[in-house]
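Heads up: the structure comes next, in structure tokens.
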Amino acid sequence: MEIEAFRQHAHAMVDWMADYMAGVERFPVRAQTAPGTVAATVPASPPQGPESIAAIMSDFERDILPGVTHWQHPRFFAYFPANSSPPSVLAEMLTATIGAQCMLWQTSPAGTELETRVTEWLRQMIGLPEGLHGVIQDSASSAILCAILTARERATGWRVNESGMAGGPAIVVYTSDQTHSATEKGAKVAGLGRENVRLIETDPETFAMRPQALEAAILADKAAGRLPACLVANLGATGVGAMDDLEALGAIAEAHGLFAHVDAAWAGSALILEEHRHLLRGVERFDSFVFNPHKWLMTNFDCSAHFVKAPEDLIRTLSILPPFLQSREHGAVIDYRDWSVPLGRRFRALKLWFVIRSYGVDGLKRIIRNHIAWAEDLERRIAAAPDFDLMAPRQLSLLNFRFAPAGAGDLDALNGRLLEAINDDGFTYLTQNRVKGQFTIRFQIGQTATEARHVTEAWDRVRTIARALPL
Ligand SMILES: Cc1ncc(COP(=O)(O)O)c(C=O)c1O
């Protein structure tokens, strides 16, 4: 494509993008397509000759767009948010255009140095202790994998990296029964085996990991000749937003020499609000911490902020230095390739730099504080509705509830039907969870474009759909 043609298409594309942002409310939130519908519109083999951008865009609107679930819809209350925002999109345009690989300092000095600076900004913004060093990963799953790998190597004196797992004791990871599946996946990928992941029981009221149960499990593993190596604690686990007591858990991890990591993938962004900083009490006892600006800090996926106390341990765990990756600055600068599993890295720091400067910390605080205030309001409405039950304490902007009208029989089945009806309706999008074995509906507020009215409208629609369901 000639550059002048690109210029024209890009201008038109920006108009499309702005129209989409302004008009996303007109779409159903969850795609209303049946499986296979989009695939059926795409030829089985690629085109041999060139096609015009006009033709491609027209097919995009006709065939692809109807199969899109609109994560930036202001009534998207499913899963956790995956924020986008206008300044973040602008930065992504630059990132895509420059197309730099930021694996070595030399391959993008600006990418490297900006990453160091903006992760330091983030550290200050959420109140993490000094002395933690930041790196941007593609996902919290990658950060958790890095934690498990570093734990594995530290616990074995860097032996597994050299000679593999064979012959050594089982290496054990501890986390809670509330933890995101990323920890189990990390243990599988790291070769530890899911049998060596202990899902420590949680308090039935707060859903926080029980410290005594953690210590008992560590002692039992030691007595059986296994090697306790890693603790993954939660700040805002996915189901009900469980918050672990970092002080108590960190003390146990220290006493038993475990590498300790905090998964704050979702809740970490809320720590820019001073009123929630108490959740960090004890974090100085931990070796690493992750949160996702790509969830709730108005920054496009992928952007996971990973902080480590001892970068040298992470680097020793992951570093490789083939001749083709050597550079004359090696050792004198940061080469982030040694801080993450993939070698190639996008210029992710740019979007954080745009977002933080464009909103200012105060602007970001205002948005997240609003989300939490609207969730409090929704909590009051649900509590006041005679035919709905709150199923867990609200955490920040996350609620779990279910429809429980008098005389209904199987509430799990009823709420399953309700959720399908809500999502088939398309006005809002919610997802399910289980709390103490019971089916619940999750409602989280965290979209960039959400206003108070969207929450109220969605709740009104949920009640209307629920009350029309045959019991
Ligand atoms: C608490 C928690 N941890 C980890 C993850 C995994 O995040 P990622 O998609 O960045 O790997 C999620 C995803 O929603 C999560 O909710």
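Every number in this text was worked out from the coordinates using simple rules, so none of it is lab data. None of the values given here were measured: they were computed from a predicted structure. Quick reminder, even Gly has a Cβ in these numbers, built from the backbone with ideal geometry, and neighbours come from all protein chains shown.
Structural remarks
- Segment residue 37..residue 7, full-extension length gain: 7.5 nm, with 0.36 nm per residue of separation and the alpha-carbon distance subtracted.
- For the range 100-346: rounded, prolate or oblate by the Cα gyration tensor [a/c cutoff 1.5]: oblate
- Total charge dipole magnitude, the chain, about the Cα centre, Cβ charges on Lys, Arg, Asp, Glu only, Debye to nearest 20: 300 debye
- A crude spin-label estimate for the pair residue 15 and residue 310, with each label 7 Å from Cα along the Cβ direction, gives 5.9 nm.
- In summary, the chain shows an alpha-carbon radius of gyration equal to 1.04 times the 2.2 N^0.38 Å reference for compact globular proteins.
- Principal axis box of the range 363-468, alpha-carbon based, largest edge first, Å: 47, 28, 22
- Prolate/oblate/rounded label for the range 3-73 (Cα gyration tensor, a/c 1.5): oblate
- DSSP beta bridges fully contained in the chain are about 55 percent antiparallel.
- Over the chain, Cα pairs under 8 Å with separation of 6+ residues give a relative contact order of 22 percent.
- Gyration tensor (alpha-carbon) shape descriptor, the range 277-347, a/c threshold 1.5: oblate
- For the range 155-181 versus the range 371-413, the gap between their alpha-carbon centres in whole angstrom: 40 Å
- More than 23 angstrom apart: percent of Cα pairs within the range 172-283: 23 percent
- Of the DSSP H helices in the chain, those whose Cα atoms cover at least 30 Å axially and whose Kyte score averages -1.0 or more: 349-384
- Burial ranking of peptide ranges 436-444, 162-170, 319-327 (average Cβ count within 10 Å, highest at the top): 436-444, 162-170, 319-327
- Straight Cα distances below 17 angstrom link residue 295 to the aspartates and glutamates 92, 138, 263, with same-chain residues fewer than 8 positions distant left out.
- Residue 275-residue 117 FRET efficiency (beta carbon distance; Förster radius 22 Å; 0.05 resolution): 0.25
- Net charge of neighbours whose Cβ lies under 15 Å from the Cβ of residue 409, counting Lys and Arg as +1 and Asp and Glu as -1: -1
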